[in-house]
Each structure stands twice: as structure tokens, then as C-alpha cells.
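Here it is, the structure in full.
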Amino acid sequence: MPFHASKPPSHFHTRQGQEVVNAEPEPKTESRRPSKTKAKEEMDALQELGKRLVEVSNDRLKKLDIPEILADAVREAKRISSFGALRRQMQYIGKLMRDVDVEPIQEMLDEIDGVSNKANARFHALEKQRDKLLADESVITALKNQHPDLDVTALRTLRRNALKEQAEQKPPKAYRAIFQLLKSLEQASSTDAETPAEEDSDR
């Protein structure tokens, strides 16, 4: 009878008690850990992105291109006050985001953050301009050159009142009014700068 070699076992022992391995060893437990860690990191990142979505106003949320089920989950999270319930809701949002292309969401949120950063930069620039105006009245002349419609007399009155407020430690009504005036001038300049581009786009 011809001898047919059967498939050798994955391992066997010799007479000397030595173990011989004939097949690839099973993956060690340690090799699975990195994949579990990576999955947890990805889930944490999705939940973090979900937190940013929850912080977005409902008006801006409508403009984001996300599935309605995710938008509903985000709106629901906004209404939850219980910490435990909110944590579970955020986990649910993270799971929903597994099936969503998060890159466009990330880009849109970054754009929103960028708009906020620009707004903060403009705010601080206006504050500095107000401080310069209080320190040097000639700033009013420079503003008049930039904005021919500026009421110089009214601005000078505001400046005097603001300095008086500071000297007498009174509520900063004129001080705040100067900021609002400078803000309106800045917004007017932005509108004037955008108008030609809008006219060109209509042609």
C-alpha cells in the first residue's frame, strides 16, 4: 500500500521533547492591541469632531452638508443637560460619524473657526484704534480722510466725554460709543470694497 503523507499538525514534539512548529503561529495577543488602540483613537477623534458640531449654532448647522440623522442627533445633544445622557449622546454621534465622510465636515468647521478668528482680530484692531484715538486727536483727521462722511464734531465730542469718563471713573458710555462708531466705519469700508466684485459677478 503506498504511503500518503497526511498534513502535519501545526506543532508536534520529538522524542527528545522538543517542539517543532510547521505552521504560522497564531497572532499574539499583543499584536491585536495596536488595532484596538487605533480604533479607540479614531472613535475619540470622531467624538471630538462631534463636540465641535454641537457647539455650532443651529443656523450654521443647517448650512453644513451632513446627513439628517446626524444633524438630529447633534440638535438633540444641544438640548441635553444631564452629563451622563450627554456623554451617551456624544458616543452615539461618534458612531454615526463612522459612516460619514468627515473631511468636508472638518474643513467647514475649520472655516467657521477661521471666521471667528478673523472677527476676534478685527475686534482687537478696533480696540487699538480707539485707544490711539483717545491718545492722539489727529487720528480723527486720518479717519476723516478715509471716511469723508464721518461726523468729525460728533467724534470729537465722544472723545472728550470718554476722556472725562476715564478721569472721573464714570461708566464708559462714550468709550463704548466710539468703538461702535469705528466698527460701523469698518463695516462700511468692507461693504464698499465688496460692491465692485458683486457688480462684476452680475454681469
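Given a cut-off of 29 Å, name the pairs among K132/K173; K63/K173; K63/K95; K51/K132; K51/K183; K51/K128 whose C-alpha atoms lie farther apart than that in the structure shown.
On the way: K132/K173 18 Å; K63/K173 37 Å; K63/K95 22 Å; K51/K132 40 Å; K51/K183 32 Å; K51/K128 34 Å.
Check vs 29 Å cut-off fails for K63/K173; K51/K132; K51/K183; K51/K128.
Per 0.36 nm of contour for each residue apart, how much would the distance between A167 and S189 grow if the chain were fully extended, relative to their Cα-Cα spacing? Walk me through the numbers before you get to the answer.
Numbers: separation 22, 0.36 × 22 = 7.92 nm, distance 3.26 nm.
In short, 4.7 nm is gained.
When N is the residue count of segment 67-173, what does its C-alpha Rg come to as a fraction of 2.2 N^0.38 Å?
Working: Rg = 24.1 Å, N = 107, 2.2 N^0.38 = 13.0 Å.
Ratio of Rg to 2.2 N^0.38 Å for segment 67-173: 1.86.
Now, a different point. Counting Lys and Arg as +1 and Asp and Glu as -1, what is the net charge of the other residues whose Cβ lies under 14 Å from the Cβ of P172? Show your work: numbers first, answer last.
Working: positive: R130, R159, R160, K164, K170, K173, R176; negative: E127, D131, E165, E168.
That sum, taken over residues with Cβ under 14 Å, equals +3.
Could you state the accessible area per residue of segment 59-186 in Å², with a 1.4 Å probe and every protein chain left in place? Show your work: numbers first, answer last.
Details: 8550 Å² over 128 residues.
Here the per-residue accessible area is 67 Å².
At a 1.4 Å probe, what is the % contribution of carbon and sulfur to the accessible area of segment 35-124? Could you put the intermediate results ahead of the total?
On the way: 3070 of 6170 Å².
So the carbon and sulfur contribution to the accessible surface is 50 percent.
Net charge near S82, counting Lys/Arg +1 and Asp/Glu -1 over other residues with Cβ under 15 Å of its Cβ?
Details: positive: K78, R79, R87, R88; negative: E76.
Residues close to S82 contribute a combined charge of +3.
Please report, as a whole percent, how much of the solvent-accessible surface of segment 128-186 comes from carbon and sulfur atoms (probe radius 1.4 Å).
Values: 1910 of 3870 Å².
Carbon plus sulfur share of accessible area: 49 percent.
For I140, I69, what's the largest-to-smallest order of accessible area, 1.4 Å probe? Intermediate results must be reported in sequence, preceding the final value.
Details: I140 0, I69 95 Å².
The ordering from most to least exposed comes out as I69, I140.
A follow-up question, please. Quick check: residue separation of K144 and L64 times 0.36 nm, minus the Cα distance between them. What number comes out in nm?
Details: separation 80, 0.36 × 80 = 28.80 nm, distance 4.14 nm.
Here the segment from K144 to L64 would lengthen by 24.7 nm.
OK, next. What full-extension length gain, to one decimal in nm, is calculated for E42 and H124 as 0.36 nm per residue of separation minus the Cα-Cα distance? All intermediate terms of the calculation are to be shown ahead of the outcome.
Numbers: separation 82, 0.36 × 82 = 29.52 nm, distance 3.68 nm.
The E42-H124 span can extend by a further 25.8 nm.
The values are calculated or read from the model by the stated rules, or taken from the named source; none is laboratory data. Computed from a predicted model, the values in this text were never measured in an experiment. Every residue, glycine as well, gets a Cβ built from its backbone with ideal geometry; the counts of neighbours run over all protein chains shown. Accessible surface is based on the protein model in full, side chains and every heavy atom, while ligands, DNA and RNA are left aside. Shrake-Rupley method; radii C 1.70, N 1.55, O 1.52, S 1.80 Å.
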